Amino acid sequence: MTFGPAASGVYAIATTPFHANGALDTVSVDRLTDFYQASGCSGLTILGIMGEAPKLEPAESRALVKQVVGR
């Protein structure tokens, strides 16, 4: 699905879970992605500029996007 004028529904602003040591919590990423889908969300906003995205390394950002899209 692409986002454009015909898009409708709920697009959740997803949080990015981390472990206490600062590493991405990939298990929780899967749980949250499944939760949003089961809740009927039409799409997700991930790595928002106002949150943690600027603090992640580029490789971490790419890995997170691949994980969510692959889910």
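Where in the range 5-25 is the amide nitrogen less than 19 Å from a point lying 7 Å along the Cα-to-Cβ axis of residue 50?
10-17
Which percent of the Cα-Cα distances in the chain go past 16 Å?
Values: 1230 of 2485 pairs.
For the chain, the fraction of Cα-Cα distances above 16 Å is 49 percent.
Please state the relative contact order of the chain as a whole percent: Cα pairs under 8 Å, 6+ residues apart?
Relative contact order, the chain: 37 percent.
Compute the angle between helix 58-70 and the longest alpha-carbon principal axis of the chain, please, reported from 0 to 90 degrees and rounded to the nearest 10.
Rounded to the nearest ten degrees, it is 40.
By the scheme Lys and Arg +1, Asp and Glu -1, what is the net charge of all other residues having a beta-carbon under 15 Å from that of residue 66? Mind showing how you got there, number by number?
Numbers: positive: 62, 71; negative: 30, 57, 60.
Net of charged neighbours comes to -1.
Between residue 60 and residue 8, 0.36 nm times their residue separation minus their Cα-Cα distance comes to what? Could you put the intermediate results ahead of the total?
On the way: separation 52, 0.36 × 52 = 18.72 nm, distance 2.95 nm.
Difference between extended and current length: 15.8 nm.
Suppose accessible area is computed on protein heavy atoms with a 1.4 Å probe; arrange 65, 29 from highest to lowest. Don't skip to the answer; put the middle values down first.
Numbers: 65 60, 29 10 Å².
Ranked from most to least accessible, the order is 65, 29.
Hey, can you find the accessible area per residue of the chain for me, probe 1.4 Å, expressed in square angstrom?
On the way: 5050 Å² over 71 residues.
So the chain comes to 71 Å² accessible per residue, rounded to a whole number.
By how many degrees, between 0 and 90 and to the nearest 10, does the Cα long axis of helix 26-38 differ from the longest principal axis of the chain?
The angle comes out at about 10 degrees.
Counting only protein heavy atoms, what percent of the accessible surface of the range 1-59 is carbon or sulfur at a 1.4 Å probe? Walk me through the numbers before you get to the answer.
Values: 2580 of 4180 Å².
For the range 1-59, the apolar C and S fraction of the accessible surface comes to 62 percent.
Chymotrypsin sites (Phe, Trp or Tyr not before Pro), restricted to the range 1-62: which are DSSP loop and have at most 14 other Cβ atoms within 10 Å?
Details: sites: 3, 11, 18, 35, 36; in loops: 3.
The qualifying sites are 3.
The values are calculated or read from the model by the stated rules, or taken from the named source; none is laboratory data. Please read all numbers here as calculations on a predicted model, not as lab measurements. Cβ coordinates were reconstructed from backbone atoms using ideal geometry, including for glycine residues, and neighbour counts include every protein chain displayed. Keep in mind that these areas ignore ligands, DNA and RNA; they rest on the heavy atoms of the full protein, side chains included. Shrake-Rupley method; radii C 1.70, N 1.55, O 1.52, S 1.80 Å.
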